[in-house]
Amino acid sequence: MKCIRIGYGTIAHIHEQAFSKLNVQTIGVLESDPLRIEQIRQAGLKPLGSVEEAIALHPDFFDICTPTRVHAEILQAISALNPYANILIEKPICDFEDIALVNAVLASHKGHIVVNENYCSSAITQAVKDKVLALALTPTRVIVEMTKHRGKDYLKGRFIDNALGALGYEGSHLLALIGELGEAYAAAEILETDIDSVALKTMGLSHQGGAFMKYIATNGCIVELYTSMSGIIGYPCPPFALPEQRIAEDDASTRYRILRIDGIDPQNTPYQIIGCFEPIGVLPRRQGCLLVFRNYVLDHQINAIEDDTMIQHLNRSMRCFSNIGPNPCSVRRALQDVTKLHEWARSGWFDMDDSNDVLGSEEGSRARIDESRRFKIMTPPYIA
């Protein structure tokens with residue numbers, strides 16, 4: 001397939017590397033920045049100066065890799081010239097203020113529009129769901145956590161979101177994973193929201209430190225969504241995280257990303273099923289694992305689960321554009337997530353109890369730490 005890329009920043013380079021593995025040819029890159037135009041030429045690609053010029057090349061799809069604030073504008077421009085164009089657009093699909101414009105485009109557009117939310121295509125998520133099904137568990141609690149320390153990025157002025165705060169970076173991933181579990185896990189009653197600041201060695205940033213949402217789902221499950229940009233691991237589980245463990249400000253590589261489902265089997269035995277997303281330090285990149293705890297004691301684990309979510313999602317997107325597969329992340333779903341993130345950010349933004357040290361209530365934080373101490377590994381875990 002042939003594509004035209006819109007924008008030539010960091011995400012565009014990641015896409016180019018991934019598409020080269022999928023035999024997708026980039027026939028042009030639309031960019032206005034002179035420095036980046038020269039970089040496009042040096043990479044052996046064709047720089048383009050307008051949407052009209054890009055449309056004239058008749059690509060199989062467009063790959064929008066610009067900053068979020070101009071997504072809606074570019075989407076509208078492409079659709080106006082070719083309402084049958086296939087379009088891949090980076091997540092989040094748009095800012096909250098642009099939802100009406102995107103909906104207007106969607107009302108008349110005939111081609112496929114896929115949102116590049118790679119966590120909609122994770123093998124780890126599927127492994128967790130399969131294990132819950134195999135054990136015939138009745139889920140009672142779902143936890144999604146994505147934690148890192150963005151200190152170095154913040155000091156460079158990167159990834160500071162003045163609209164959504166800490167939800168602006170990992171928020172769409174959290175909702176993508178919940179969405180993959182099904183509509184039954186959507187929020188019915190919000191119990192708690194919190195967005196905290198972050199204190200760095202040389203500065204502090206308001207509402208960029210982390211976000212926590214807890215709600216009752218439509219199926220009665222308790223759902224807890226947690227992301228810390230200041231390295232505070234919320235739901236540590238051995239062997240990959242220990243109680244009260246934190247990621248240091250100068251550690252830009254460590255990640256702690258999990259999907260956990262707690263449930264009861266037909267014999268009323270409690271299980272904790274934990275999918276650990278890459279990167280995991282003891283495994284190669286793009287490999288995750290599955291931990292199965294029986295009443296907090298490790299029963300077994302499945303290692304080396306191949307999970308290159310970017311390649312998997314882009315491959316599914318190409319199948320959608322070729323009319324041989326479903327849309328892995330639709331515009332409507334992505335717009336619903338933007339709306340949720342905006343509502344949750346607003347509700348947590350004005351929390352006066354901003355501790356900068358814990359997410360959620362002090363009581364809830366202590367309970368999470370106490371629970372993490374219950375996990376036991378009786379024999380050394382095997383890591384392939």
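Nothing in this text is a laboratory measurement; each read-out follows from the coordinates by a stated rule. Small disclaimer: the values here were computed from a predicted structure and weren't measured. Positions of Cβ are generated from backbone atoms using ideal geometry, with glycine treated the same way; all protein chains shown enter the neighbour counts.
One table, with the values for the structure above:
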{"quantity": "Prolate/oblate/rounded label for segment 70-170 (Cα gyration tensor, a/c 1.5)", "calculated": "oblate"}
{"quantity": "Cα centroid separation - segment 10-86 against segment 242-304, whole Å", "calculated": "37"}
{"quantity": "Positive-end residue, the chain charge dipole about Cα centroid, Cβ charges, pick of Ala199, Tyr84, Leu22", "calculated": "Leu22"}
{"quantity": "Under Karplus coefficients 6.51, -1.76 and 1.60, residue-wise ³J(HN,Hα) of segment 145-150 in Hz, glycine/proline x", "calculated": "10, 9, 10, 7, 10, 9"}
{"quantity": "Signed unit charges on C-beta, dipole axis of segment 238-384, positive-most listed residue Ala334, Ile274, Gly364", "calculated": "Ala334"}
{"quantity": "Environment charge at Thr254 (Cβ cut-off 11 Å; Lys +1, Arg +1, Asp -1, Glu -1)", "calculated": "+2"}
{"quantity": "Net charge contributed by nearby residues that have their C-beta within less than 13 Å of Pro92 (K/R +1, D/E -1)", "calculated": "-4"}
{"quantity": "Tensor-based shape of segment 86-129 (alpha-carbon gyration tensor, a/c under 1.5 rounded, otherwise prolate or oblate)", "calculated": "prolate"}
{"quantity": "C-alpha long axis of helix 362-372 to longest principal axis of the chain, angle in °", "calculated": "80"}
{"quantity": "Helical mean residue ellipticity (222 nm; -39500 (n - 2.57) per DSSP H run of 4+; nearest 500) of the chain", "calculated": "-9500 deg cm²/dmol"}
{"quantity": "Anisotropy class of the chain from Cα gyration tensor, a/c 1.5 cut", "calculated": "prolate"}
{"quantity": "Subset of Lys21/Lys46; Lys46/Lys156; Lys152/Lys340; Lys156/Lys340; Lys148/Lys201 violating a 23 Å alpha-carbon distance limit", "calculated": "Lys46/Lys156; Lys152/Lys340; Lys156/Lys340"}
{"quantity": "Amide H partners (placed H, <5 Å) of Glu244, local residues excluded", "calculated": "none"}
{"quantity": "Local electrostatic count at Ser322 - Lys and Arg +1, Asp and Glu -1, tallied over other residues with Cβ under 14 Å", "calculated": "+2"}
{"quantity": "Net charge dipole size for segment 232-384 [Lys, Arg +1 and Asp, Glu -1 on Cβ; Debye, nearest 20]", "calculated": "700"}
{"quantity": "Crossing angle, helix 309-321 versus the chain [Cα axis fit, 0-90 degrees, rounded to tens]", "calculated": "50"}
{"quantity": "Alpha-carbon centroid distance for the pair segment 88-161 / segment 311-346, whole angstrom", "calculated": "8"}
{"quantity": "Residues whose placed amide H lies under 5 Å from that of Arg141, excluding near-sequence neighbours", "calculated": "Ile222, Asp262"}
{"quantity": "Residue-by-residue Karplus 3J(HN,Hα) for segment 121-132, coefficients 6.51, -1.76, 1.60, Hz, glycine and proline x", "calculated": "10, 8, 6, 5, 4, 5, 5, 5, 4, 5, 5, 4"}
{"quantity": "Sequence ranges 100-113, 333-346, ranked by mean other-Cβ count within 10 angstrom, highest first", "calculated": "333-346, 100-113"}
{"quantity": "For Asp63, residues with placed amide H under 5 Å, excluding near neighbours", "calculated": "Ile4, Arg5, Ile6, Leu88"}
